[in-house]
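Accompanying notes for the structure given below.
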Amino acid sequence: MDRPWYRFYQENVPNSFDYPKIPLYSLLDRTADHFPDAVAMSFFGKKVRYRELQSLTRKMADVLYHLGVRKGDRVAIMLPNCPQTVITYFGALRLGTIVVNTNPLYVEREMIHQFNDAGAETLITLDLFYKKSKNTMGQTRLKRIIFTGVQDFLPFILRMLYPLKAKREKQWVEIPEEEGIFKWRDLIKGADEREEDEEVDANDVALFQYTGGTTGVAKGVMLTHRNLVANAYQVRLWIPQAVEGKEKALAVLPFFHVYGMTTAMNLPILMAAEMILIPRFETKQILHSIHKERPTIFPGVPTMYQAINMMEGVEKFDLSSVKYCISGAAPLPLEVMKRFKSLTGAKLVEGYGLTEASPVTHANPLEGIIKEGSIGIPFPDTDSKVIDMETGEDLSIGQAGELCVKGPQVMKGYWNMPEETMQVLTEDGWLKTGDIARMDEDGYFFIVDRKKDMIIAGGYNIYPRDIDEVLFTHPKIQDAVAVGVPDPYRGETVKAFVVLRPGETATEEEIIAYCREKLARYKVPKLVEFRGELPKSLVGKVLRKVLREEEIKKYQQQQEASKGASDE
């Protein structure tokens, strides 16, 4: 398909790029060779340079090897953003293992399912998770667990004070001497640098990244070294003005999520940038970090930017260092983008991706034409098209259908799920995303909505994003989401869940009247529920599915109660 790319794109971003066919850890080696003294990581004041990071990853490979880990084994990492995560991740890859990213918020049941599915034999995690981690050993193939603590990489004074604080807050955990239980700090201290890496092919699987995917069933996405290297380069090419060895990245997106892994870890390592590691998003801490550490790159999600926008006293912080922001994981409301730009002067654009594509496939250009409400244009070497959801035929410009993508970042498939893989990956390499999109005459793509989020009310197809955009323009609303809920007459109806700004009050009628002025009648919410907060993933994505499931359960209970009353 011929696309009218803009001059900036033609000059600065090659549409075809020969990505090096190398293992992912080679990105770190290349950077350490060329920028050995550049700061790689900053963690509460503790600085680690690239030469040291390279050394530590080789020591970690030595640790794992002497514990019996071999090429092809699965190593689960269940850690927040801290130096140990980066060190363990790249150290494990040096042995040719497959890393299994695991959410630290998982409960035992979820851990057991994932470890068994992946075949994980090694787990590296926080001492705070000792109990639930130890409990999984007898119910999985885990042979060894390595425990580390936040204090292991704090500056000297903070490391000395940490036990007192942790004990006071009842968060101090003593790791006992047991078979199969190890302490990360002790292991790394006694390790040698492993000079010989395992022979790893670029097409070998590097990562099992678990996702709900396009059908809602948890699956292990097999991402290869080639996938991950290519996507890091693709994102890098999107920021042609950035300078190697000079940038700083605010790494608050969790590394165990594919979006954070690529944009906040792999990308900074590729460009010799400093990663400012932040274990979890707290608005005030983020503002202090930007003010003090002066990051230039801030990948995030809309809720992060909105939290900064809404923070009382935000104008007191100097946020001017931030230059480049790509927002993903959820639609970026126009009002959020405008407010953040006015506060920082940064270029904030909406991008798009999914776990099955490592994850980024599209973004608005940081230099050039930005189209409001668009996910932008495809990344270099990424083809995109829109197909009819019934026939599978290619659709014309302006028509809405399922978005399909093809490129070097597209996954190898789902682990142990050949049928599910066939449902989303065509024989010629096209990935069906499960998202409904359209393309305009300039080659820009617009996500209409998720196929599974579409509301069908009274025969009308309603896309929640249209309603979300309107709700965010209301001056009293801080956060909002529209959901399809059961309705005995229309099949489904629209319900809006709303979080008001601090100090504001509003009524259901007021919100509905506001929407009536800006939306077609059939799209207007019939119900409004005010909440203190909305359920969100650790990345900050609103969990529309959770709200919908709550409403379905309430509806079923009401139906049963009505049936019981009529029987009497």
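Since every read-out is calculated from the coordinates, none of them should be taken as a lab result. Only a predicted model underlies this, so the values are computations on that prediction, with no experimental measurement involved. Quick reminder, even Gly has a Cβ in these numbers, built from the backbone with ideal geometry, and neighbours come from all protein chains shown.
Restricting region 464-544 to GluC sites (Glu not before Pro) that sit in a DSSP loop and have at most 14 other Cβ atoms within 10 Å of their own Cβ leaves GLU504, GLU533.
The angle between the Cα long axis of helix 334-344 and the main principal axis of the chain comes to about 40°, on a 0 to 90 degree scale.
Computed from label points 7 Å out along Cα-Cβ, the spacing between MET311 and LYS518 is 2.6 nm. Here, the chain yields an orientationally averaged convex hull projection of 28.7 nm² when only Cα atoms define the hull. List the lysines whose Cα sits under 22 Å from the Cα of LYS143, skipping any in the same chain fewer than 8 residues away. Correct list for LYS143: LYS59, LYS71, LYS131, LYS132, LYS134, LYS183, LYS189.
Dividing the Cα radius of gyration of region 388-531 by 2.2 N^0.38 Å, with N the residue count, gives 1.27.
What are the trypsin sites (Lys or Arg not before Pro) within region 494-568 that DSSP puts in a loop, where the Cβ has at most 15 other Cβ atoms within 10 Å?
Of the trypsin sites (Lys or Arg not before Pro), the ones in loops of region 494-568 whose Cβ has at most 15 other Cβ atoms within 10 Å are LYS526, ARG531.
Order the peptides 410-422, 86-98 from the highest to the lowest mean number of other Cβ atoms within 10 Å of their residues. Each step should come with its number before you reach the end.
Details: 410-422: 17.2, 86-98: 26.2.
Going from most to least packed, we get 86-98, 410-422.
Classified by the C-alpha gyration tensor, region 53-111 has an oblate form. Its axis ratio a/c, with a ≥ b ≥ c, is 1.5 or above, and a/b does not exceed b/c. Take the Kirkwood radius over Cα pairs of region 23-201, plug it into Stokes-Einstein at 25 °C and 0.890 mPa s, and you get 146 µm²/s for translational diffusion.
Given R0 = 25 Å, the distance between the Cβ atoms of GLN557 and GLU508 translates into a calculated FRET efficiency of 0.70. Please give the helix 50-66 orientation as an angle from the longest Cα principal axis of the chain, in degrees from 0 to 90, rounded to the nearest 10. Rounded to the nearest ten degrees, it is 80.
Taking 21 Å as the cut-off for C-alpha to C-alpha distance, list the pairs among LYS21/LYS432; LYS47/LYS246; LYS47/LYS248 that go past it. Correct reply: LYS21/LYS432. By a straight-distance test (C-alpha under 26 Å), which lysines pair with LYS523 as possible cross-link partners, with residues fewer than eight away in the same chain excluded? Filter leaves LYS338, LYS371, LYS451, LYS452, LYS476, LYS495, LYS536, LYS541, LYS545, LYS553, LYS554. Classify region 454-567 as rounded, prolate or oblate from the Cα gyration tensor: take a ≥ b ≥ c as the square roots of its eigenvalues, call it rounded if a/c is under 1.5, otherwise prolate when a/b beats b/c and oblate if not. Prolate shape, in that a/c is at least 1.5 and a/b is the bigger ratio. Sparse packing (at most 12 other Cβ atoms within 10 Å of the Cβ) combined with a DSSP loop state is found for the following GluC sites (Glu not before Pro) in region 252-332: GLU312.
What dipole magnitude, in Debye to the nearest 20, does region 454-567 give about its Cα centre under +1 on Lys/Arg Cβ and -1 on Asp/Glu Cβ? Walk me through the intermediate numbers first.
Details: 19 positive and 18 negative charges, 59 e Å.
Charge dipole, region 454-567, about its Cα centre: 280 debye, nearest 20.
In deg cm²/dmol and to the nearest 500, what is the mean residue ellipticity at 222 nm of the chain if only DSSP H runs of at least 4 residues count, each as -39500 (n - 2.57), divided by the residue total? Present the calculation step by step, with values, prior to reporting the outcome.
Details: 17 runs with 181 residues, N = 568.
That calculation yields -9500 deg cm²/dmol at 222 nm.
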